[in-house]
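Here the structure comes first, spelled out in structure tokens, and everything after it is commentary.
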Amino acid sequence: MSACRLPLCGSRAVICALPFTFVRLTGCNLRCSYCDTQYAYEEGTEYSLDAVVTEINKRVVSRVVITGGEPLLQDETYILCSRLLDAGVTVLLETNGSILIKDVDQRVHRILDLKCPGSGMDSRMDFNNINCLTLRDEVKFVISHRKDFEWALEILKQHEMQGRAHVLFSPVSDRLHPQELAEWILQEKLNVRLQLQIHRYIWPDRRRGV
């Protein structure tokens with residue numbers, strides 16, 4: 001029976017003020033300098049796909065975020081997405097930009113994280129992913145400092161990304177204050193969304209389970 005490996009962590013999340021069931025998968029092929037989920041590198045318990053789907057179906061919320069680590073390292077992730085979609089569940093998939101997303105079910109809302117230089121992982125990005133994007137999808141730039149911001153601007157221009165997908169700029173916690181990033185966005189008159197990690201504000205003392 002196919003199975004997914006998941007870290008021992010909570011399965012609730014609040015994203016953009018909407019509740020989601022949160023499925024975090026074990027394993028990551030990157031080591032970002034600011035990673036706040038290092039426990040997902042190796043921690044985990046193996047569950048069958050049936051067990052994961054059953055657990056999700058117990059919950060009232062019919063929206064799911066599948067993340068990691070890097071969820072596309074597990075072949076079963078593709079199957080899990082399709083099974084949930086067939087059951088009427090809205091599925092979001094967060095992926096780190098290093099693996100081609102073309103084989104992910106087209107009904108999935110894909111959130112592509114393009115790693116900026118501050119992550120130390122920008123050389124690992126597969127920019128072919130940009131050609132796979134649709135208006136259902138989102139591209140996220142996690143910004144550590146002004147150089148990251150300038151890099152993100154150049155990527156937006158080079159790849160003509162405005163109009164391909166929704167663009168998010170997110171400040172790295174403890175490195176860049178949201179107000180500073182907001183001011184840069186306004187100064188450049190960018191049509192991007194400022195994304196904050198809402199759970200850090202609602203549950204500031206909790207690192208897992210939100």
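Miscellaneous remarks
- The residues of segment 180-195 that are surrounded by fewer than 18 Cβ atoms within 10 Å (Cβ to Cβ), aliphatic (A, V, I, L, M) and over 17 Å from the mean Cα position of the chain (by Cα), listed by number, are Ala182, Ile185, Leu186, Leu190.
- Within segment 17-31, considering residues that are out of contact with any Leu (no Cβ under 9 Å at 6 or more places or on another chain) and farther than 22 Å from Gly97 by Cα, the one surrounded by the most Cβ atoms within 10 Å (Cβ to Cβ): Thr21
- Taken residue by residue, segment 32-39 has at least one member that is within 29 Å of Leu176 (Cβ to Cβ) and surrounded by 18 or more Cβ atoms within 10 Å (Cβ to Cβ).
- Filtered by the rule that a residue be among the β-branched types (Val, Ile, Thr) and within 16 Å of Tyr34 (Cβ to Cβ), segment 110-148 gives Val142, Ile143.
- Positions within segment 42-65 being of a type in the set (D, E, K, R) and touching a strand residue (DSSP E or B) at 6+ places or on another chain (Cβ under 7 Å), in sequence order: Glu46, Arg59, Arg63
- Out of Thr67, Thr90, Thr77, one residue alone is without any contact (Cβ under 8 Å) to a residue 40 or more places away in the chain, of a type in the set (Val, Ile, Thr) and either within 23 Å of Phe169 (Cα to Cα) or crowded, with 16+ Cβ neighbours inside 10 Å (or both). It is Thr90.
- Options Gly163, Gly88: the member that is at pLDDT below 95, out of contact with any strand residue (DSSP E or B) (no Cβ under 6 Å at 6 or more places or on another chain) and under 19 Å from Phe20 (Cα atoms): Gly88
- Any hit, segment 124-134, residues being assigned to a loop (DSSP other than H, G, I, E, B) and among the β-branched types (Val, Ile, Thr): yes
- In segment 166-179, the residues that are at pLDDT 95 or above and exposed (fewer than 14 other Cβ atoms within 10 Å of the Cβ): His177, Gln179
- Qualifying residue in segment 150-170 (condition: more than 16 Å from Gly97 (Cβ to Cβ) and touching a Cys at 6+ places or on another chain (Cβ under 9 Å)): no
- Output for segment 105-123, where each listed residue is assigned to a loop (DSSP other than H, G, I, E, B) and out of contact with any Gly (no Cβ under 9 Å at 6 or more places or on another chain): Asp105, Gln106, Arg107, Val108, Cys116, Gly120
The values are calculated or read from the model by the stated rules, or taken from the named source; none is laboratory data. Please read all numbers here as calculations on a predicted model, not as lab measurements. Cβ atoms come from the backbone with ideal geometry, glycine included; neighbour counts cover every protein chain shown.
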